[in-house]
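Just below is one structure, and these are the notes that go with it.
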Amino acid sequence: MVLVFQILYAAVMLVFLLLSAFIVFHILKYSYDKRAAFLMIVIFLAFTGLLFFSNIILFANLPLEEMLSYIL
Amino acid sequence: MDAFKDFKFQGMSPDEKIIKVLHRNWFDIASQYFLVLLAVGVFFLGIYIYPLIFPQFEGTEYNVLFLFIQNTFLLAVWIYCFLIWVDYYLDIWVITSEKIINIEQKGLFLRRVSSAKYEKIQDVTVEVKGFLQTIINFGDVRVQTAGELENIAFRRISNPYEVKNLIAKIQKEKEAKGLDALGDMIRENAGN
């Protein structure tokens, strides 16, 4: 059961990663002002990286077995 | 024009100069962000209320669960905000010395680029509809082109009347240049 949640979490994170990649791709490829594009990408990647990293750490520290035994 | 000298758009000729680059009016993106901020506000209100509703979870390992939910929500909101921004930023209308270019980003996987030279423009219409559009001064400018060419629509741009006047001015200048060139050619041929 814990494995199912881990797989679900990985799937959700993959979707977020793909969306982030699409955002970076579109800004890099289609932006007409390269300086503004660079600034946008730096801001986006900094905060997204921070949120991703903290999210993974929080998920790793979740008491999944306890929570699932409480629910089930 | 010098403000745009570093900007590059596909399909521009070397002599072509960018006169104006337009995006949708700030109100358009602000109204989308308002809803997002409302959701974030409700969420943060919940963070303050939850210890009152669930005091038994305070100081327990379930704090990690709530932090995780908060973090995931913030991540989703952050990415959604940037998706809104990319959609706004990549919708561009460019007025150059030779043509007008319409670049529309529809979602992540559809991008449409169309252009119309001033010689092909038949009619330019401005539509400013409603109280807010009138007060803030933004609206649509529709450019009707000749033949089978697609019409171009500047959607929800600021100062639409100025844009219309600018297009009309450039069109007149090009017509005058064309007539001058024709006159010179006739004179040259007559001289020969």
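The values are calculated or read from the model by the stated rules, or taken from the named source; none is laboratory data. Just so it is clear, the structure is predicted and the values come from calculations on it, not from any experiment. Because the Cβ atoms are built from the backbone with ideal geometry, glycine has one as well, and the counts that use them run over all protein chains shown.
Here B:L75 meets the list (1) in a strand (DSSP E or B); (2) touching a Leu at 6+ places or on another chain (Cβ under 6 Å) almost entirely, failing just condition (1).
Apart from one condition, B:T96 fits all of (1) closer than 30 Å to A:L51 by Cβ; (2) more than 9 Å from chain A (Cβ to nearest Cβ); the exception is (1).
Residues in region B:170-187 that are more than 15 Å from B:K99 (Cβ to Cβ) and under 28 Å from the mean Cα position of the chain (by Cα): B:K172 alone.
For region B:65-113, the set of residues classified as in contact (Cβ under 8 Å) with a residue 12 or more places away in the chain, surrounded by 16 or more Cβ atoms within 10 Å (Cβ to Cβ) and among the hydroxyl-bearing types (S, T, Y) consists of B:Y88, B:Y89, B:T96, B:S97, listed by residue number.
On the stretch given as region B:112-135, residues that are of a type outside the set (S, T, N, Q) and in a strand (DSSP E or B) total 9.
Return yes when B:A30 is more than 14 Å from chain A (Cβ to nearest Cβ), out of contact with any helix residue (DSSP H, G or I) (no Cβ under 7 Å at 6 or more places or on another chain) and modelled with pLDDT of 90 or more and no when it is not. Criteria met by B:A30.
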